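**Student:** Next up is a structure, given as structure tokens.
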Amino acid sequence: MDLTETNLAVFQFIELLSIISFLCIAFALFLLLYIKGKEKKAFR
């Protein structure tokens, strides 16, 4: 593996981690909003 292949692999790995992180954050926000919505309905 030469330097450009290594850089590409590192970039792809970082890109994958970024996508996974974004999906985790989006899922956590969705879950939080869902739970808040359930709590509001329970108090009615």
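The values are calculated or read from the model by the stated rules, or taken from the named source; none is laboratory data. Just so we're clear, the structure is a prediction, and the values are computed from it rather than from any experiment. Cβ placement follows ideal geometry from the backbone for every residue including glycine, while neighbour counts extend to all protein chains displayed. Accessible surface areas use protein heavy atoms only, side chains included; no ligands, DNA or RNA. Shrake-Rupley method; radii C 1.70, N 1.55, O 1.52, S 1.80 Å.
**Student:** Among the candidates Phe43, Phe22, Phe13, Phe27, which residue alone is aromatic (Phe, Trp, Tyr) and loosely packed, with under 10 Cβ neighbours inside 10 Å?
**Tutor:** Going through Phe43, Phe22, Phe13, Phe27 in turn, the sole match is Phe43.
**Student:** I've got another one for you. What number goes with the only condition from (1) within 20 Å of the chain's Cα centre (by Cα); (2) of a type in the set (A, V, I, L, M); (3) open to solvent by 100 Å² or more (accessible area, probe 1.4 Å) that Leu3 does not pass?
**Tutor:** Checking Leu3 against (1) within 20 Å of the chain's Cα centre (by Cα); (2) of a type in the set (A, V, I, L, M); (3) open to solvent by 100 Å² or more (accessible area, probe 1.4 Å), the one that fails is (1).
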